[in-house]
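A short worksheet on the structure shown next.
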There are 2 protein chains.
Amino acid sequence: MLSKKCKYAIHALVYLAERHGQGPVQIGEIADRQKIPKKFLEAILLELRNGRILNSKKGKGGGYYLQRSPEEINLTEVIRLTNGPIALLPCVSLNFYESCEECVNEKNCTIRTTFLTIRDETLKILSESNLAALVKKQKKDRK
Amino acid sequence: MLSKKCKYAIHALVYLAERHGQGPVQIGEIADRQKIPKKFLEAILLELRNGRILNSKKGKGGGYYLQRSPEEINLTEVIRLTNGPIALLPCVSLNFYESCEECVNEKNCTIRTTFLTIRDETLKILSESNLAALVKKQKKDRK
DNA sequence: GATAATCCTATAAAATCAGTAGACTAATCC
DNA sequence: GGATTAGTCTACTGATTTTATAGGATTATC
């Protein structure tokens, strides 16, 4: 399951994507509207900034805004940054690969193929879910 | 990522599936061959027994054995029992459903569809991965 | 009744998660 | 240039989960 941090991050990003191009949005506003504890959100947005998803501006009139257009930010990136590996086993992870201690015989591990297939399918779906697509869906649903 | 408990469970079950129909297998043997801490494995096998995947026999000549044929035991069941929900969000879980507190607007949550699709694809792959299929693959790889 | 095996309860160290506190830094406006 | 505003950074805390381990109780077999 995704951590709260990750869910908060996704909702905050969708909120920012809706306001893309309208200047910085303050942490407090996002926290209020998305019902996220402010201090926690502060740390999350900082991580997204260090992960090159967000930019920030300090001082009056400051806040956070997307570093790239909503089309260019998808959920794989967000999840990896705030939740860790997408794969269910370390030995089938692209970005967090580690050999499986549990596999007695690594090279032909019985279950590897199954979880490789799951990873591929999951990545495909997540990479299609970019922020622009999510915002578009939200607007449609509101009608 | 899957917990160690879950990975241990899967490997133990594949080991038992290979020996299906040959009588009970002792915890100690499984622990040795699959490099699983014996006491931890003890607890895991007990859980699989309570989950109606394994049967056990006490006393001399006792041990654990599959309660059903390997074809009838698939990874969805094992993962749910030893690792929890397969879905990435509680609001798209079949067996562990809970409403998402984080969703400000539950009914048309922006991200729900994406994770519903992922759950469906994952379930499809996992349900095809029954113990018989995994054993068959293992034998092929060993050649 | 000795032995061999699982069953059960309790405990504990380590890691992760979720959140908070408070001081620091930088930008803006007057 | 000083007050104000808003993000930055470090550290800490409490709760929960994970990964075990210990030790005795129970049951089946010979």
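Could you give the Stokes-Einstein D for the protein assembly as shown in µm² per second, using the C-alpha Kirkwood radius, 20 °C, 1.002 mPa s? Stokes-Einstein gives a translational diffusion coefficient of 102 µm²/s. What sits nearest the axis between copies A and B, counting only chain A Cβ atoms, is the residue and whole-Å distance A:Glu121, 2. As a length-normalised measure over Cα pairs under 8 Å and 6 or more apart, the relative contact order of the stretch A:4-142 settles at 25 percent. Summarising the amide proton neighbourhood of B:Leu94: residues at separation of 5 or more, or on other chains, whose placed amide H is nearer than 5 Å comprise B:Ala87. Across the copies of the chain, B:Asn50 has label points (7 Å from Cα along Cα→Cβ) spaced 4.0 nm apart, shortest distance listed first.
For chain A, A:Cys6 have no disulfide-compatible partner, since no other Cys C-beta lies under 4.7 Å from theirs. How far, in degrees from 0 to 90, does helix B:131-142 lean away from the longest principal axis of the Cα atoms of chain B, to the nearest 10? That works out to roughly 70 degrees.
Note on A:108-121: average number of Cβ atoms from other chains within 10 Å of each residue's Cβ is 6. With its label point defined 7 Å out from Cα along the Cα-to-Cβ axis, A:Gln67 lies at 5.0 nm from the matching points of the other copies, in increasing order. The C-alpha atoms of chain B define a longest principal axis, and helix B:112-128 lies at about 20 degrees to it.
For the pair A:Lys143 and B:Lys124, label points projected 7 Å from Cα toward Cβ lie 2.8 nm apart.
Could you tell me the center-to-center distance, by alpha carbons, between the stretch A:115-143 and the stretch A:70-88 in angstrom? Comparing the Cα centres of the stretch A:115-143 and the stretch A:70-88, I get a distance of 11 Å.
Our coupling estimate for the stretch A:54-63, obtained by passing each phi through the Karplus curve with A = 6.51, B = -1.76, C = 1.60 and θ = phi - 60°, is 10, 10, 9, 9, 8, x, 4, x, x, x Hz, Gly and Pro reported as x. Sequence-distant or interchain residues sharing an amide H contact under 5 Å with B:Ile73, placed H: which? Hits under the 5 Å cutoff: B:Leu131, B:Ala132.
Between 0 and 90 degrees, the angle of helix A:4-18 with respect to the longest Cα principal axis of chain A falls at about 50 degrees.
Shown for B:Pro37: label points 7 Å from Cα along the beta-carbon vector, and their distances to the equivalent points in the other copies, 3.0 nm in ascending order. Ordered by the number of other Cβ atoms lying within 10 Å of each residue's own Cβ, fewest first, B:Tyr15, A:Tyr65 fall into the sequence A:Tyr65, B:Tyr15. Note on A:Arg52 and B:Arg33: their simple-model spin labels are 4.8 nm apart, each label 7 Å out from Cα toward Cβ. Ranking A:Ala87, A:Leu45, B:Cys100 by how far each Cα lies toward the positive end of the dipole of the protein assembly as shown (charges on Cβ) leaves A:Leu45 at the top. Taking every residue in B:122-133 and counting other chain Cβ atoms within 10 Å of its Cβ, the average works out to 3.
Values quoted throughout were computed directly from the atomic coordinates according to the rules given, and no laboratory measurement underlies them. All of these numbers come straight from a predicted model, not from anything done at the bench. Neighbour counts run over all protein chains shown; Cβ positions are idealised from the backbone, glycine included.
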